Amino acid sequence: MLHIFILFALFFSSTSHASVQDFCVADLKGPDSPAGFFCKAPANVTVDDFVFTGLKLAGNTSNIISAAVSPAFVAQFPGVNGLGLSIARLDLAPAGVIPLHTHPGASEILLVVHGKITVGFISSANSVYVKTLKRGEVFVFPQGLLHFQVNAAGYKATAFASFNSPNPGLQITDFALFANNLTSALVEKTTFLDHAQVKKLKAILGGTG
Ligand SMILES: *[C@@H]1O[C@H](CO)[C@@H](O)[C@H](O)[C@H]1NC(C)=O
Ligand SMILES: *[C@@H]1O[C@H](CO)[C@@H](O)[C@H](O)[C@H]1NC(C)=O
Ligand SMILES: *[C@@H]1O[C@H](CO)[C@@H](O)[C@H](O)[C@H]1NC(C)=O
């Protein structure tokens, strides 16, 4: 009798959790927070919330870095909200470079699917880890560290990068320094670069001041 009681107790305790939240497709109309977006009403969720087709085609590399990053982060792909992961496509023209940058919110794992890419990161102890990857090879970039990707062949390269956050963030160091209105005097003081170099980079990257 006791056994039957325990079985019933287990049955009811497991069915009472039947409404466990399997997913939380982002409602992008609401606010973002460290815990992610609010959930779209489950009744309004369809299979298409779990599909992202924006990585099929190469990104446009006609820009000053000759490269494109196509993100499938929560803002583009609301289905990854709350799941602790996301993905992006990297396209590098022959001269392409993803300049030194960080993802404050995620580690990154990169798989080269076409071409050759020189990748590297700089640890917080300022040790340098650099490797040229061929098709099929994978590299991991620890969270928050400065890193880069450079085309290492005379033809275009493609890679896919996955992140352990739906919202990894992306801060490109040159843009942080030279694409805003932090005064040249302060940029020079805090980077030890000379005035001409700071003005030149601000002109290229759209900074003022
Ligand atoms: C589902 O979407 C419709 C149309 O956007 C909206 O009017 C309705 O309130 C949504 N349902 C729920 C439960 O939020
Ligand atoms: C790529 O970007 C450049 C510069 O913004 C633009 O002129 C060009 O039309 C774009 N190409 C395509 C195919 O969208
Ligand atoms: C710099 O830009 C910010 C917003 O982008 C603005 O609030 C601020 O007034 C600007 N500072 C100067 C010195 O132009």
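For this structure, a couple of remarks:
- The Cα center of region 65-98 and the Cα center of region 125-163 differ in position by 14 Å.
- Straightening the chain between LEU28 and LYS200 buys 58.1 nm, computed as 0.36 nm per residue apart minus the Cα-Cα spacing.
- Estimated translational D of the chain in µm²/s (Stokes, Kirkwood radius over Cα pairs; 20 °C; 1.002 mPa s): 108 µm²/s
- Cut-off under 5 Å, modelled amide H: who pairs with ALA72 long-range: ILE87, ALA88, ARG89
- Choice from ALA159, ALA176, ALA35 with maximal GNM fluctuation in the chain (Cα, 10 Å cutoff): ALA35
- Lys/Arg +1, Asp/Glu -1 at C-beta; the chain dipole; positive extreme among SER86, ALA176, VAL150: VAL150
- For VAL25, the residues 5 or more places off, or on other chains, whose built amide H falls under 5 Å of its own are LYS40.
- In sequence order, calculated HN-Hα J values of region 166-181 (Karplus, 6.51, -1.76, 1.60; Hz; x Gly/Pro): x, 9, x, x, 8, 10, 8, 4, 4, 5, 4, 8, 10, 10, 10, 9
- Using C-alpha pairs below 8 Å separated by at least 6 residues, the relative contact order for the chain is 19 percent.
- Subset of LYS134/LYS202; LYS29/LYS56; LYS40/LYS156 violating a 28 Å alpha-carbon distance limit: LYS134/LYS202; LYS40/LYS156
- Where only alpha carbons of region 98-147 are counted, the Rg and the Dmax (Å): 10.9, 32
Coordinate-derived values only; no laboratory data. Not measured: the values here are computed from a predicted model. All Cβ positions, even for glycine, are placed from backbone atoms using ideal geometry, and neighbour counts span all protein chains on display.
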